[in-house]
Amino acid sequence: MGQALRITFEQQDYTIKLLSPTPPDLGATELEVEVLEENRTLVLNDKVWKFKENEDAGLNRLADAIGKSIRLRYRI
């Protein structure tokens, strides 16, 4: 898709790009995004979005904010 989304998280601006060619489907639990100039996978786990294969709590709070922003934008 390549549409850039912007969010402000902890007083910093971030630009996120969805990498899938189509908008996410209703009920999507994994999303491919580009954030911090890296391709990452967001995974929905117990109503909390996290980066796949990441244990850093700070990055996972950012992942949750990104996931919620995408969820609101695309109503997934």
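Skipping prolines and chain starts, which residues have an amide H placed within reach, meaning under 5 Å, of the one on ILE16, given they are 5 or more residues away or on another chain?
Those lying under 5 Å, H to H, from ILE16 are LEU5, ARG6, ILE7.
Net charge within 14 Å of ILE70 by Cβ-Cβ distance, Lys/Arg positive one each and Asp/Glu negative one each, not counting ILE70 itself?
Every neighbour counted, the sum reads +3.
What is the sum of charges, Lys and Arg at +1 and Asp and Glu at -1, for the other residues whose Cβ falls under 13 Å from the Cβ of GLU10?
-1
How much net charge surrounds VAL48 when only other residues with a Cβ under 11 Å from its Cβ are counted (Lys, Arg +1; Asp, Glu -1)?
+2
Throughout, read-outs are computed from the coordinates displayed, never taken from laboratory work. Just so it is clear, the model here is predicted, and its values are computed rather than measured. All Cβ positions, glycine included, derive from the backbone under ideal geometry; neighbour counts span all protein chains shown.
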